[in-house]
Structures are given as structure tokens and as C-alpha cells.
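> Supplied in C-alpha cells, the structure appears directly below.
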Amino acid sequence: MSEALKVLTANDLAGGQVVFLSEAGWSDRYADAVIFDDAAAADAALEAARAATLTLADPYLIDVAAVDGLPVPTSYRERIRALGPTIHPDMGPQADGGVLVHALQQARGAARSSGRLGLIRRK
Amino acid sequence: MFHYDAIDTAMVADRNAEFRDQVQRRLSGDLTEDQFKPLRLMNGLYLQLHSYMLRVAIPYGALTSAKMRALAHVARRWDKGYGHFTTRQNVQFHWIRLSDTPDVLDYLATAELHAIQTSGNCIRNTTSDPFAGAAAEEVDDPRVWSEVIRQWSTFHPEFTYLPRKFKIAVTASPQDRTAARAHDIGLVLRRNRDGRLGFEVIVGGGMGRTPYIGSTIREHLPAEHLLSYLTAILRVYNRFGRRDNLYKARIKILVASLGAAEFASQVDAEWDAMDRPRLDLPDIELARIRASFGLVPFRTMPPRSERFEAARSDPAFARFARNNVVPHKIPGYGIVQVSLKGIGEVPGDCSADQMEVLADLAERHGHGEIRVTHEQNLVLPHVPLDEVPALHAGLAAAGLATPNINLVSDMIACPGLDYCALANARAIPVAQAISRTFADPARAERIGELKIKISGCINACGHHHVGHIGILGVDKKGEEFYQLTLGGSGAEDAAIGHVLGPALGADKVADAIDKLVEAYLAIRQPDERFLDTYRRTGVGPFKAAVYPDAHQA
Ligand code: HEM
Ligand code: SF4
């Protein structure tokens with residue numbers, strides 16, 4: 001059985017760029033995101049983000065699946081949001097490359113968990 | 001070219017100062033997001049998937065070299081070096097920071113540009129004919145009437161909080177290059193038998209989830225009554241348009257539910273009761289607006305240019321001349337269309353460098369004028385035929401000489417899921433795949449006129465309903481799928497397309513288009529466009545080509 005994994009995301013208010021909640025505050029990199037496997041903790045973090053109206057716009061939780069041990073957003077919309085426009089691989093966070101960016105780029109359709117998360121940074 | 005007067009300049013400056021203050025108050029916490037969002041939208045600033053997007057108005061699609069250079073500067077300084085021209089003749093910058101927006105708007109104002117009426121439930125930027133002032137068949141300059149509407153509608157207190165956004169198109173040529181019948185109001189200017197100018201008034205067209213071709217409610221409205229009659233339409237809409245349901249709020253739903261005849265009689269009742277002379281534009285004001293466009297200093301030249309004809313010995317130029325250059329009303333001039341649909345490129349995108357090249361070329365060869373088309377291309381409306389070869393060389397050097405206007409690779413595509421927060425599926429990669437499939441220019445020419453239009457969701461910003469072939473992105477259980485429609489048209493023979501069959505996976509679309517085209521080539525009669533063949537034969541041969549295994553229904 002796969003567990004329900006979540007990541008908290010928003011847009012930065014002043015800049016508009018996509019941000020994710022990380023251990024060290026809000027990060028532009030999906031790779032930094034905290035992976036929640038506890039629904040209550042995820043909801044509490046969302047509440048806190050909603051209160052941070054001076055820095056964030058539209059915070060919400062996204063579903064993540066553990067694909068080959070890596071946390072991949074289940075919806076292709078959220079993967080594109082985490083990467084940047086697919087037509088411009090040089091734009092947005094995807095430009096940095098890395099294992100996780102590659103995993104998101106490879107995922108197709110509705111990603112489903114293929115086992116437990118191999119990595120880390122859970123709450 | 002129309003120029004601002006002191007009132008226009010002050011109005012834009014006031015608006016920018018007001019928005020600067022609003023942005024400040026949002027960033028300091030004095031405004032909540034809920035309070036701020038409608039204000040931001042009234043200034044053309046959307047929050048998209050990866051960033052804010054600023055939509056800049058290009059009233060009736062008319063740019064000068066100076067304005068194009070200003071757009072290039074915005075693209076380079078505050079964006080990632082490009083802009084996207086849209087089907088509403090606007091330009092969108094996809095990577096703008098909220099905190100930079102006041103500076104961007106102040107800078108744009110120095111070039112007489114702004115983002116007013118590009119968003120919100122107001123009367124939006126008026127669409128007009130990109131060939132205005134150049135087309136041989138036009139009965140008057142539609143930009144003059146578009147500017148009349150612009151001055152009347154900007155910040156009109158009665159029509160700033162309509163049930164929904166409201167789009168008007170004005171054309172003065174029999175050949176419709178504005179999709180007038182797909183607008184909330186389409187205005188087609190004609191002369192009647194007595195030679196008097198009047199508008200055919202078409203209401204209730206639109207795309208979105210319930211597409212309609214507009215209905216004509218008046219065959220010939222005397223031109224001088226335009227503003228009072230528009231006021232009457234807007235009043236009926238403002239009163240009875242549905243504010244309770246976002247999806248039923250457009251005027252098309254009101255016209256369809258009342259019936260065009262009943263809607264027309266309510267407009268007439270309103271119109272008859274109003275104090276028309278107070279609302280109609282005085283002749284003297286019309287003359288002032290007309291004069292403020294100035295005159296293009298056309299030269300007297302022979303209708304045939306030897307230099308232009310000699311250049312046809314270069315096959316690339318000959319192809320460009322056949323597909324991208326059309327006759328001008330003045331002998332010896334041509335209207336040159338610049339395709340923003342390079343093979344495999346993003347439809348409508350233009351880099352800052354290309355914008356500057358266009359600005360220079362327009363200055364050198366085209367009286368400094370550039371137009372934006374609702375098909376996401378650009379036009380240099382006034383080019384002496386003698387200078388088209390030099391212009392072509394300049395365009396080619398900047399990757400802007402693709403000879404495909406109105407051909408299969410000249411597609412419309414909305415930003416789709418690569419940028420848009422509302423999207424179900426991507427649109428641009430589909431366009432790119434189709435474009436590559438039809439990269440051979442000789443084959444594209446053999447196929448002839450074919451309008452493919454792609455939207456990433458049912459809002460239909462990519463006009464898919466009126467594509468000869470329409471492509472709509474849908475989400476099917478978490479996968480991107482695409483539904484094809486056939487037989488639509490946004491031109492004077494406007495029609496809504498019909499769904500061909502079950503939606504196809506992303507990797508199947510370009511191949512399906514190829515099969516549709518092959519089916520057409522096999523059965524077309526002389527001089528038939530794809531659309532004509534479809535209209536003659538119906539869906540049968542096309543369905544069989546894409547869904548060979550389907551049982552006959
Ligand atoms: C990327 C940001 C965009 C957003 C959020 C957006 C949003 C929308 C929405 C919500 C509608 C449906 C409105 C309704 O039916 O009442 C719509 C329709 C439309 N939009 Fe967009 N759009 C965007 C970009 C564009 C672009 C790039 C174009 C031009 C290529 C465009 C042109 C249109 C047109 C022509 C319609 C349909 C005509 C109509 O019924 O008014 N939009 N848009
Ligand atoms: S059609 Fe849909 S996906 Fe495309 S720009 Fe409009 S709202 Fe976005």
C-alpha cells in the first residue's frame with residue numbers, strides 16, 4: 001500500500017514564481033520540498049501558509065507518489081508547475097537539472113506510487 | 001497612426017499611479033489577496049502557472065516601430081526576452097514580477113502603451129482589421145471607429161462592472177479578418193445603396209464552453225448612431241445578463257435564451273427611449289479622431305514593380321510573394337504578412353531581437369507601421385513592392401520569413417498548460433508537432449488554405465471551435481487527450497465545428513491531422529479548400545481516415 005504523500009506549494013507574492021515549503025522556509029526548488037506523509041501535519045502547514053499573506057499567493061497541497069523511490073507529483077499539471085514550461089527546458093527550475101528534475105520530466109500521465117519513498121525529508 | 005492627446009496621457013498616468021499605490025499596499029499587507037486580485041486583473045496582470053503574466057493592450061492591433069521597440073525593451077529588461085502575441089491582438093509577457101509591474105507600466109506609458117481593458121468584466125480592447133487603411137475593398141478605415149469605441153468605453157462608469165467581459169470587433173471589408181461573428185458584438189461597416197455608411201450589428205457570438213455564431217440584429221445601423229445603439233445593447237445586457245452563474249453570464253447566453261428577435265426588440269425599445277443626440281458622437285469629434293490618425297504619405301508608382309517581379313527568380317522569394325504578400329489599395333504597394341509560425345516554433349511568440357528587427361524594417365520599408373492579427377501574426381501594411389525583396393531578406397535573416405500564411409502550419413495555439421493555470425492540456429507542443437509534420441513548404445502550398453486552431457481547455461482562447469480543424473485539450477484520467485472538431489470557420493462564412501470522434505492521445509494528434517489532410521487531397525475537387533470539401537462531403541471520409549476501425553454509426 002502506498003501512503004498519501006503531500007507537498008505544500010504556493011506562488012511567491014512579489015515575484016510570482018512557484019515555491020515549495022522546505023525545511024529552511026520557502027524554496028524555488030521542488031527538490032527541497034518537505035514530503036508530508038501525515039495529513040494533519042500537512043493541513044497545519046497549509047493553515048500557516050494561508051496566514052502568510054505578505055509573502056505568498058494561493059498556497060495549496062499537492063499529491064505526490066513515490067516512483068522508483070523518488071517523490072513525483074501525481075498530476076502532470078503539478079509536474080509542469082514544478083519544472084517550468086516543457087517547451088523551454090532552459091526556463092524555470094528545470095534548468096538546474098538533477099535526478100529529481102529528470103524523474104519529473106520522465107513521468108507520464110497520472111503518476112502512481114511504485115513502492116515506498118527511498119529519499120528523505122518527510123514529516 | 002493615432003496619437004494620444006493630453007487627456008489620454010494624463011488618464012494613463014493617473015491609472016498607473018493608482019495601481020502603483022495598490023501594489024504597494026498589497027505588498028505591505030494593507031490589502032488582502034482577495035481585495036487586490038480584482039484590482040490587479042483590471043490592470044492586465046494575471047497569476048499564471050509559473051509567474052505573473054502581463055497582458056498589454058494593442059488597441060485594434062496597431063503598432064508603430066517605436067511601440068514595438070518598447071515591447072522589445074520590456075521583454076528584455078523585465079521578462080525572459082520574448083513576448084506572445086494573442087488572438088485578441090494583445091501581447092502577453094509571461095514572466096513579470098508583481099513588484100516590477102508599476103515600473104513596467106510607467107515605461108510602457110512613455111510609448112503610449114498600457115494594459116487597460118485587457119482583463120476584467122469591462123468592454124475589452126476592440127479587435128479590428130489588421131489590413132485597415134491598406135485593404136482595397138474596405139469602405140472606411142475601421143480603426144477610426146475602433147478608436148471611437150475605445151474613447152467611449154474606457155473607464156465608462158456604467159459598463160465597468162458588466163456581468164462578464166465584453167468583446168467588440170469592427171471590420172469594414174467584406175473579407176472578415178477579425179472573427180466578428182465570434183465576438184459579443186461584431187460590427188461590419190458597409191455602404192448602402194444611397195452610399196451611406198452603416199453597420200451590420202451582430203450580437204451574441206462567442207467561444208468558451210457554449211460557442212455561438214452571433215446573430216444579426218440590425219442590417220444597417222447609420223454609422224452616426226453607433227454609440228447610442230451600443231449603449232442600448234450594453235444596457236439591456238447589463239440589466240438582464242446573468243450575474244448568478246459565471247458560465248451563463250456572457251451576452252451570447254442572453255441572446256440565445258431570449259432569441260435574437262426578442263433581444264433586438266428590447267434593444268430597440270431602449271434605443272427609442274434614450275436621448276440619442278446626447279450619446280452619439282458629434283461629427284466634429286469624429287473628424288478630430290479621423291484626423292489624428294494622420295495620412296500615410298503614399299507615393300505615386302506604377303502598379304507593377306519590375307524589381308519585385310525579377311526577385312521571383314529566387315524560389316524562396318517567389319513562395320513568400322505568393323503566400324505572404326497581398327494587394328494594397330494604392331498601386332505599387334503591397335501588404336506584407338509576417339508569420340510568427342516558424343516551423344517547430346511557438347505560435348505567436350516573438351523575441352526581443354525579432355521585435356527590434358521588425359521595428360527597423362517597418363521604419364525602413366513600411367512607414368513605421370506594424371499590425372497584429374487575430375491569427376497571431378504580424379503585418380506591415382504599407383510596403384512599396386519595389387522594397388519587398390529587401391524586406392524579405394531582412395525578415396529571413398531574423399527567422400521571420402516563413403512563407404505559410406493561411407497554410408496548414410499557420411496555426412493558432414493558446415499558451416495551454418505550459419503557462420496557463422486554467423489549462424487541461426498543453427497546446428504548444430501539439431502545434432509544434434503538427435508544424436514539423438507539414439514542414440515541407442511545397443506540400444503545404446499544395447494543401448492550400450487550412451486553419452488549425454488549438455486550445456488547452458474549453459475557454460477556447462485558441463479559437464478551436466472556429467478552426468477548419470479545431471483541437472481541444474482535455475484531461476482524461478490524468479492524461480492529456482485531444483478532441484478534434486471539423487468544419488468551423490471564424491471568417492465571413494462563420495461556423496462552429498463538429499466533433500469528429502473520441503479524443504486522441506498526445507502522440508496521435510499530428511498523425512491524425514496528416515490523415516485528415518490526405519483524405520481531403522484524395523477527394524477534393526478543383527479549387528476546393530479543406531473546409532469546402534468538408535462542407536460538400538460531410539464528416540464520413542474524414543472519420544474513416546482517423547477512426548478506420550469504428551463501426552458505421
Ligand atoms: C494565459 C492566460 C489566459 C487566461 C487566464 C485566459 C482566460 C480565459 C477565460 C477564463 C476565458 C473564458 C471566458 C468566458 O467564456 O467568459 C477566455 C476566453 C478567451 N480568451 Fe483567454 N485566457 C488567457 C490567455 C489568452 C490568450 C493567450 C489568448 C489569445 C491567444 C486569449 C484569448 C481569448 C479568447 C479569444 C477567448 C474566447 C472568446 C470569448 O468567448 O471571449 N486568452 N480566456
Ligand atoms: S484556452 Fe484554456 S488553456 Fe488556453 S489560454 Fe485559454 S484558459 Fe488557458
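The values are calculated or read from the model by the stated rules, or taken from the named source; none is laboratory data. Note that this is a predicted model, so its numbers are computed, not measured. Heads up, the Cβs are rebuilt from the backbone with ideal geometry, glycines too, and the neighbour counts pull from every protein chain shown. Note: accessible area is taken over every heavy atom of the protein model, side chains too, but ligands, DNA and RNA are not part of it. Shrake-Rupley method; radii C 1.70, N 1.55, O 1.52, S 1.80 Å.
> Using θ = phi - 60° and the Karplus relation 6.51 cos²θ - 1.76 cosθ + 1.60, list the HN-Hα couplings for region B:4-16 in order, rounded to whole Hz, with x at every Gly or Pro.
4, 9, 4, 5, 4, 4, 5, 5, 5, 4, 4, 4, 5
> Moving on. Using a Förster distance of 41 angstrom, determine the FRET efficiency expected from the C-beta separation of A:S114 and B:R443, and round it to 0.05.
The computed FRET efficiency comes out at 0.40.
> Beyond 24 Å, what share of the Cα-Cα pairs of region B:411-553 remains, rounded to the nearest whole percent?
Here the tail beyond 24 Å accounts for 26 percent of pairs.
> Do any trypsin sites (Lys or Arg not before Pro) in region B:203-301 lie in a loop, going by DSSP, with at most 14 other beta-carbon atoms within 10 Å of their beta carbon, and if so which?
Taking region B:203-301 and a limit of 14 other Cβ atoms within 10 Å, the loop trypsin sites (Lys or Arg not before Pro) found are B:R209, B:R243, B:R299.
> Also: Restricting attention to the alpha-carbon atoms of the protein assembly as shown, what are Rg (one decimal) and Dmax (integer), both in Å?
25.7, 82
> Now for a different question. Between B:H498 and B:R288, what is the label-to-label distance in nm when each label sits 7 Å out along the Cα-to-Cβ direction?
Distance between label points: 5.4 nm.
> Name the long-range amide H neighbours of B:A413: under 5 Å, sequence gap of 5 or more, or other chain; modelled H, no Pro or chain starts.
When sequence neighbours closer than 5 places are left aside, the close amide H contacts are B:I454.
> For region B:134-291, give the share of DSSP beta bridges that are antiparallel, in percent and rounded to the nearest 5; count only bridges with both residues there.
Roughly 75 percent of the DSSP beta bridges within region B:134-291 come out antiparallel.
> Which chymotrypsin sites (Phe, Trp or Tyr not before Pro) in region B:1-100 sit in a loop by DSSP (not H, G, I, E or B) and have at most 16 other Cβ atoms within 10 Å of their own Cβ? Walk me through the numbers on the way to the answer.
Numbers: sites: B:F2, B:Y4, B:F19, B:F36, B:Y46, B:Y52, B:Y60, B:W78, B:Y82, B:F85, B:F93, B:W95; in loops: B:F2, B:Y4.
Answer in residue order: B:Y4.
> Any of B:K476/B:K515; B:K67/B:K167; B:K476/B:K508; B:K453/B:K508; B:K37/B:K476 with alpha carbons more than 25 Å apart? Name them for me.
B:K37/B:K476
> Another question, if that's okay. Just for the protein assembly as shown, what percent of DSSP beta bridges are antiparallel, to the closest 5?
That works out to approximately 85 percent antiparallel.
> Then there's this: Counting each pair of different Cα atoms once, what's the Kirkwood radius of region B:306-397 in Å, rounded to one decimal?
Hydrodynamic radius (Kirkwood, Cα pairs) of region B:306-397 is 13.4 Å.
> Once every Cα of region A:5-106 carries one equal point scatterer and solvent is ignored, give the base-10 log of I(q)/I(0) from the Debye formula at q = 0.13 Å⁻¹, two decimals.
-0.42
> Using R₀ = 22 Å, calculate the FRET efficiency as 1/(1 + (r/R₀)^6) where r is the Cβ-Cβ separation of B:F240 and B:Q151; round to 0.05.
0.25
> Net charge around B:I123, counting only other residues with Cβ within less than 12 Å of its Cβ (Lys, Arg = +1; Asp, Glu = -1)?
Summing Lys and Arg as +1 and Asp and Glu as -1 gives +3.
> Oh, and also: How far apart, in nm, are two points set 7 Å out from the Cα along the Cα-to-Cβ line at B:E306 and at B:D353?
A separation of 3.8 nm, rounded to one decimal place.
> Can you compute the helix-only [θ] at 222 nm over chain A? Use -39500 (n - 2.57) per DSSP H run of at least 4 residues, normalise by all residues, nearest 500 deg cm²/dmol.
Helix-only estimate at 222 nm: -7000 deg cm²/dmol.
> Quick one: compute the contact order of chain B, relative version, from alpha carbon pairs under 8 angstrom and 6+ residues apart, as a percent.
Dividing the mean separation by the residue count of chain B yields 13 percent.
> In Å, what Rg and Dmax follow from the Cα atoms of chain B?
22.9, 68
> I would also like to ask the following. Classify region B:375-423: rounded, prolate or oblate, from the alpha-carbon gyration tensor (a ≥ b ≥ c, eigenvalue square roots; a/c under 1.5 rounded; otherwise prolate if a/b is larger than b/c)?
prolate
> For region B:511-536 and region B:236-258, what is the centre-to-centre distance using only Cα atoms, to the nearest Å?
After rounding, the separation between the Cα centres reads 38 Å.
> Still on this model: Provide the three semi-axes, in whole Å and in decreasing order, of the ellipsoid equivalent to region B:178-277 as defined by the square roots of 5 times the Cα gyration tensor eigenvalues.
23, 17, 10
> Using the eigenvalues of the Cα gyration tensor, what equivalent ellipsoid semi-axes result for region B:113-201 when each is taken as the square root of five times the eigenvalue, whole Å, largest first?
Over the Cα atoms of region B:113-201, the semi-axes work out to 25, 13, 12 Å.
> Still on this model: Pull up all non-local amide H partners of B:A57: gap of 5 or more, or a different chain, and H-to-H distance under 5 Å with H placed in the peptide plane.
B:H114, B:A115, B:I116
> Now, a different point. Just flag the chymotrypsin sites (Phe, Trp or Tyr not before Pro) in region B:96-188 sitting in loop per DSSP whose Cβ has no more than 15 other Cβ atoms within 10 Å.
Passing both the DSSP loop test and the Cβ count: B:F155, B:Y161.
> Taking the Cα centre of chain B as the origin, how large is its charge dipole in debye, to the nearest 20, when only Lys and Arg (+1) and Asp and Glu (-1) carry charge on their Cβ atoms? Walk me through the intermediate numbers first.
Details: 64 positive and 66 negative charges, 175 e Å.
Here the size comes out at about 840 debye.
> What's the total accessible area buried between chains A and B, using a 1.4 Å probe, rounded to the nearest 100 Å²?
Buried: approximately 2300 Å² between B and A.
> When averaged across all projection directions, what area in nm² does the alpha-carbon convex hull of region B:6-110 cover?
Average projection, Cα convex hull of region B:6-110: 6.9 nm².
> Here's a follow-up. Charges at C-beta only: +1 for Lys and Arg, -1 for Asp and Glu. How large is the resulting dipole of chain A about its Cα centre, in Debye rounded to 20?
300
> Normalise the Debye intensity by I(0) for region B:22-61, one equal point scatterer per Cα, no solvent, then take log10 at q = 0.14, 0.20, 0.23, 0.34 Å⁻¹ and round to two decimals.
-0.36, -0.65, -0.79, -1.11
> Under a point spin-label approximation (7 Å from Cα along Cα-to-Cβ), what is the B:L27-B:H220 distance to one decimal in nm?
5.8
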